[in-house]
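**Student:** Questions regarding the structure given below will be posed in turn.
The values are calculated or read from the model by the stated rules, or taken from the named source; none is laboratory data. Note that the structure is a prediction, hence the values are computed from the model and not measured. Quick reminder, even Gly has a Cβ in these numbers, built from the backbone with ideal geometry, and neighbours come from all protein chains shown. Accessible surface areas use protein heavy atoms only, side chains included; no ligands, DNA or RNA. Shrake-Rupley method; radii C 1.70, N 1.55, O 1.52, S 1.80 Å.
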There are 2 protein chains.
Amino acid sequence: MNLNEKLQKYNDWVFRMSAYRMALAVIGIDKLTVAPEAGSDYRDKRTAFLSGELFSIETDPEMLKLIEELLEDENLDSETRRAAELYRKMIHDTVCIPKDEYVEAMELMNSSYNAWLEAKMKNDYSIFEPYLKKVIAVKKKQYEYRGSDMPLYDQMLDDYEPGMNREKYDAFFGALKERLVPLIRRVTEAEQVEDSFLYLNYPVSDQKAFTDTLLAYLHFDPSWGYQNETEHPFTNGTCSNDMRTTTKYLENNVISAILSTVHEVGHATYQHDVDPRYDGTILADGISSGMHESQSRLFENYLAKTKAFWECNYPALQKQFPQQLGSVSLDQFVDAVNVAKPSLVRTEADELTYPMHILIRYEIEKGLFEGTISTEGLDKTWDDMYEKYLGVRAEKASAGILQDVHWSDGSFGYFPTYALGSAFAAQFVRKMRSEIDVDEALRTGHFEICVNWLKEHIHHYGCLLEADEIMKKATGEEFNVNYYLDYLEDKYTKLYHLD
Amino acid sequence: MNLNEKLQKYNDWVFRMSAYRMALAVIGIDKLTVAPEAGSDYRDKRTAFLSGELFSIETDPEMLKLIEELLEDENLDSETRRAAELYRKMIHDTVCIPKDEYVEAMELMNSSYNAWLEAKMKNDYSIFEPYLKKVIAVKKKQYEYRGSDMPLYDQMLDDYEPGMNREKYDAFFGALKERLVPLIRRVTEAEQVEDSFLYLNYPVSDQKAFTDTLLAYLHFDPSWGYQNETEHPFTNGTCSNDMRTTTKYLENNVISAILSTVHEVGHATYQHDVDPRYDGTILADGISSGMHESQSRLFENYLAKTKAFWECNYPALQKQFPQQLGSVSLDQFVDAVNVAKPSLVRTEADELTYPMHILIRYEIEKGLFEGTISTEGLDKTWDDMYEKYLGVRAEKASAGILQDVHWSDGSFGYFPTYALGSAFAAQFVRKMRSEIDVDEALRTGHFEICVNWLKEHIHHYGCLLEADEIMKKATGEEFNVNYYLDYLEDKYTKLYHLD
């Protein structure tokens, strides 16, 4: 085969995978949004079969050989080379696990998820603990098959955020601990900001009417994006021109659905902006969990919590809720949106205390894999750490160790990227603000000016470049956590008059 | 292989097909309800690939051989035998067409559909005519490959309604013509029934609130059914416990969405009630187009247009629309819902004139395949027949020959089942009313009593029995068109005081 023939075979393989991925994405979105519960078992069995078909295509040893050959060909264009390298890693990391162990692990994750659900409902960590222990053992075994000389937890961290490891995360979280713990204490002790008006009765149908306005403002265009509702908001899609997001409305909270809408639209916009030539290939996604989260948090925290954003949008919100917000000034509203208060549940945490929730999870994960922390008594370890870092203690496990789903399916190494994303965003925003007038764009209803900057400097690459390369190209320097900490200190010092 | 081994192989084949069908159903529902338009091309290409994968499994020659062997084994249970016979016909009717011609035909149907859309938008039949001609030629060729000695159009009729042919349809439509044409004339000349209050302004959000009540009344349970909105209402699903319907709301019409909701729930209930052991097999569907339509029309016309139905539901509707319906009595409302008026568009036609729309299409299809009617000038032929049978003439082709999609993709032989379904329903309802107190059930909010009768006598069989067998078992006699005509004559003689 000459290069062209090889490429044709390769592209056909990529296309076949993309067809199954499209189907699985649509089935997954349907399941989470509208599919009737009683049909789950029927659909899930068939979804598992189709996943198996995809797995067989993905791990085709003949394709691994073909990819090796392609990579040896010096005439291979750089984009295909990059994609082929990523596919090679994907195949290698999967095929090294014996298939029966792979299937067994999938089943364990399923029953572990069910145990977690039951444990959370019954507020009983002891139901989940034996599963958590098994999941950790299985994950260890799976990573050992890779035969890498990198320590296991470092490999996990690297999977979600290529290039990251414990050393770098230790430095990152160390800096956070050093500057945020005292800042949070000062905020907690300061005079509190009034925000009770955010939690009056806000009829959901009226909230939805405002969301329509908001989606238009964000340029989340119905031609390529669709928003639905779910208990746990998410973003998924089939290609750059087909992104789906969800949000969740709370009757007694006007800001929750707004921020979750903006957050998910941040994820969706990132993927929508990826070069459409990459559609259907491994390049068509955000490059890492941290980068993805940086874009959703950038939208949510760095844009949608600014005064400029609300200068444009608050009049419409007030008009929608004249009784609840008619006498609340713009400044009062923006201050309330930015309130910081230590709390127990990560997904409800504010911008300032959020990274501490992640720090706790990172320290526990590290301890679990280094052997210094055990799954036994982990609920108490968890509560002690919340007390230490945030000064709060859960009264029930559902608001403590059982609050998050992530460990039940073995997603270790994922949490840290949540905090990293916020820090990435700070550095991006600082650069963006030096090049365009962000506030003017937000104030005058030109959100697309911000999106265009992000597209040009971050989004359009997809997975062509690594996160650190994008950071360097976009901001002219390496990632520096101090931009994030400076931003938080500055913002909360002003809001709580800490000077 | 012994019988058990053969059955295992056969069941595995059935399961694999069902997985692809599940995926294609979900992708199709998603496409018609929420999928963003700009992603169509990406999804459609991959959907076509997955359809091809299904086609390859379906037409596996090894499976045809296995099925033949199974059918020769006298120990095969009767349900599997029936399914295997249906699969054998499915495979035979498909594999007899050379694959390149099959693919070419699919492409022609696609471009023909696009031409129809354009023609309808531009009100120009000449854009669609050449495609229609080609589609007819291709359909003829495809049926010739089957090598059956049945005339072509009879084969098409038999495909949608096994056992039906021109002779039987001629008798059926002949009876309709004889008794309905004069009845429609008398209704048209009689004093008209007031129904203008149905067409006031009815805000869609209020209509939706009533639909929620209605779906609960119909026992369309969210655990197994989900309703969405589309331009053209439809029903589809993945298994008995996962049915999806859609409806369409019109701001100036309170009854349209109600009747389309009930109609689609009729289809959905039929499939939901099929024995769940048949899930994933060829037995898990309505047995024929006519039987499917009989259930949707039974719900829509024979139940939801009765006084008893509205005795239970009208108070809630009035409460939802006090200004529009507050002074309209129950009797006035029920009379209005049953108004008959000759009109141009099939999908908007009333119960009485509806079958004449179908009669016209049947006569045209028959003429097209017998060679007595040409696609050239067919728009005029169409208009002349509407003038003859209904006394109305379309001013534009979009309300005339271009109104329906069916011919653009070669669905010839399908239309007649629409009228047949209404007639089947009349005979079923007559029997049901002799066995249970339908009005009492409807009046007291026990719709499930009707559903249970239909499930026991019709639905649960799925495709285990042919339509005529079900008719005979359920009503004790062969299908008899006179029950339908008696019903219509009786109903409209009373409503329009024709005595």
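**Student:** With the structure loaded, tell me whether A:PHE333 is more than 26 Å from A:PHE173 (Cα to Cα), among the aromatic types (Phe, Trp, Tyr) and assigned to a helix (DSSP H, G or I) or whether it fails that test.
**Tutor:** Yes: the conditions hold for A:PHE333.
**Student:** While we're here: Based on what the data block shows, is A:ILE436 within 24 Å of A:ASN241 (Cβ to Cβ), modelled with pLDDT of 95 or more and of a type in the set (A, V, I, L, M, F, W, C)?
**Tutor:** No.
**Student:** Can I ask one more? Kindly indicate whether B:ASP273 is outside the structural domain of B:LEU32 (by TED's automatic domain parsing), open to solvent by 20 Å² or more (accessible area, probe 1.4 Å), at pLDDT 95 or above and charged (D, E, K, R).
**Tutor:** So B:ASP273 fails the test.
Yes or no, residue by residue, for (1) open to solvent by 30 Å² or more (accessible area, probe 1.4 Å); (2) in a helix (DSSP H, G or I); (3) away from chain A (no Cβ under 14 Å); (4) of a type in the set (Asp, Glu):
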residue	(1), (2), (3), (4)
B:LEU7	yes, yes, yes, no
B:MET17	no, yes, no, no
B:VAL26	no, yes, no, no
B:LEU32	yes, yes, no, no
B:GLY39	no, yes, no, no
B:LYS45	yes, yes, no, no
B:LEU70	no, yes, yes, no
B:THR80	no, yes, yes, no
B:HIS92	yes, yes, yes, no
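**Student:** For segment A:298-326, which positions are surrounded by fewer than 22 Cβ atoms within 10 Å (Cβ to Cβ), in contact (Cβ under 8 Å) with a residue 12 or more places away in the chain and in a loop (DSSP other than H, G, I, E, B)?
**Tutor:** A:LYS305, A:THR306, A:PHE321
**Student:** Restricting attention to segment A:390-403, does a residue exist that is under 25 Å from A:HIS263 (Cβ atoms), open to solvent by 50 Å² or more (accessible area, probe 1.4 Å) and basic (Lys, Arg)?
**Tutor:** no
**Student:** Which of (1) within 23 Å of the chain's Cα centre (by Cα); (2) open to solvent by less than 50 Å² (accessible area, probe 1.4 Å) does A:ALA171 not meet, given it meets every other one?
**Tutor:** Of (1) within 23 Å of the chain's Cα centre (by Cα); (2) open to solvent by less than 50 Å² (accessible area, probe 1.4 Å), only one is false for A:ALA171: (2).
**Student:** Can you say whether A:GLN295 is assigned by TED's automatic domain parsing to the domain that holds A:SER260, open to solvent by 10 Å² or more (accessible area, probe 1.4 Å) and either part of a helix (DSSP H, G or I) or of a type in the set (Lys, Arg) (or both), as far as the supplied structure shows?
**Tutor:** no
**Student:** Condition first: farther than 27 Å from A:ALA268 by Cβ, open to solvent by 40 Å² or more (accessible area, probe 1.4 Å) and in contact with an Asp or Glu (Cβ under 9 Å, 6 or more places away or on another chain). Now tell me which residues in segment A:460-499 satisfy that.
**Tutor:** Result: A:GLU478, A:HIS497.
**Student:** Going residue by residue through segment A:58-70, is there one that turns out to be touching a residue at least 40 places away in the same chain (Cβ under 8 Å) and under 30 Å from B:ILE29 (Cβ atoms)?
**Tutor:** Start the filter on segment A:58-70 by keeping residues that are touching a residue at least 40 places away in the same chain (Cβ under 8 Å), which leaves A:58, A:60, A:63, A:66-67, A:69-70.
If we keep only those that are under 30 Å from B:ILE29 (Cβ atoms) as well, we get A:58.
Yes, segment A:58-70 has at least one match.
**Student:** Kindly evaluate A:ALA105 against the criterion of being assigned to a helix (DSSP H, G or I), out of contact with any Ser or Thr (no Cβ under 9 Å at 6 or more places or on another chain) and at pLDDT below 95.
**Tutor:** So A:ALA105 passes the test.
**Student:** Right, here's the next one. Considering only segment A:107-130, state which residues are more than 22 Å from the chain's Cα centre (by Cα), open to solvent by 70 Å² or more (accessible area, probe 1.4 Å) and in contact (Cβ under 8 Å) with a residue 24 or more places away in the chain.
**Tutor:** Listed by number, the list holds a single entry, A:MET121.
**Student:** Of all residues in segment A:272-328 being over 30 Å from A:LEU7 (Cα atoms) and among the basic types (Lys, Arg), which is nearest to the other protein chains (Cβ to nearest Cβ)?
**Tutor:** Among them, the one singled out is A:LYS319.
**Student:** Among the listed residues B:LEU488, B:LEU498, B:LEU464, B:LEU454, identify the single one that is part of a loop (DSSP other than H, G, I, E, B), among the aliphatic types (A, V, I, L, M), under 21 Å from the mean Cα position of the chain (by Cα) and over 30 Å from B:PHE128 (Cα atoms).
**Tutor:** Within the list B:LEU488, B:LEU498, B:LEU464, B:LEU454, the selection yields B:LEU464.
**Student:** For segment A:209-235, name all the residues that are within 14 Å of another protein chain (Cβ to nearest Cβ) and either part of a loop (DSSP other than H, G, I, E, B) or open to solvent by 80 Å² or more (accessible area, probe 1.4 Å) (or both).
**Tutor:** Scanning segment A:209-235 gives A:ASP212, A:HIS219, A:PHE220, A:ASP221, A:PRO222, A:SER223, A:TRP224, A:THR230.
**Student:** Do you know which residues across segment A:52-64 are more than 10 Å from every other protein chain (Cβ to nearest Cβ), assigned to a helix (DSSP H, G or I) and touching a helix residue (DSSP H, G or I) at 6+ places or on another chain (Cβ under 8 Å)?
**Tutor:** Result: A:LEU54, A:PHE55, A:ILE57, A:GLU58, A:PRO61, A:MET63, A:LEU64.
**Student:** Could I ask something else about it? Please identify the pairs in which a residue from segment B:473-487 that is under 15 Å from B:VAL181 (Cα atoms) has its Cβ atom under 7 Å from the Cβ atom of a residue that is of a type in the set (Lys, Arg) and crowded, with 16+ Cβ neighbours inside 10 Å, counting only partners at least 6 apart or on another chain.
**Tutor:** Partner pairs satisfying both residue conditions: B:LEU485/B:ARG179.
**Student:** If you don't mind, there's one more thing I want to ask. Select from segment B:178-208 the residues that are of a type in the set (Phe, Trp, Tyr) and open to solvent by less than 60 Å² (accessible area, probe 1.4 Å) and list them in ascending order.
**Tutor:** Within segment B:178-208, B:PHE197, B:TYR202 meet the criteria.
**Student:** Consider A:GLU365 carefully, then state whether it is under 23 Å from A:LEU402 (Cβ atoms), at pLDDT below 95 and either in the same structural domain as A:VAL193 (by TED's automatic domain parsing) or open to solvent by 30 Å² or more (accessible area, probe 1.4 Å) (or both).
**Tutor:** No; evaluated as a whole, the condition is false for this residue.
**Student:** Here's another thing I want to ask about it. Return the only residue of A:PHE234, A:PHE220 being closer than 29 Å to A:PHE309 by Cβ, without any contact (Cβ under 8 Å) to a residue 60 or more places away in the chain and under 24 Å from the mean Cα position of the chain (by Cα).
**Tutor:** A:PHE220
**Student:** Which of the residues spanning segment B:334-376 are within 19 Å of B:ASN253 (Cβ to Cβ), out of contact with any Leu (no Cβ under 7 Å at 6 or more places or on another chain) and among the hydrophobic types (A, V, I, L, M, F, W, C)?
**Tutor:** Those that are within 19 Å of B:ASN253 (Cβ to Cβ), out of contact with any Leu (no Cβ under 7 Å at 6 or more places or on another chain) and among the hydrophobic types (A, V, I, L, M, F, W, C): B:VAL334, B:VAL337, B:VAL339, B:LEU344, B:VAL345, B:ALA349.
**Student:** Quick one: how many residues across segment A:236-253 are under 19 Å from A:SER205 (Cβ atoms) and within 11 Å of chain B (Cβ to nearest Cβ)? Give the steps one after another, and end with the answer.
**Tutor:** Restricting attention to segment A:236-253, the residues satisfying the condition of being under 19 Å from A:SER205 (Cβ atoms) are A:246-253.
Filter once more, keeping what is within 11 Å of chain B (Cβ to nearest Cβ): none.
Result for segment A:236-253: 0.
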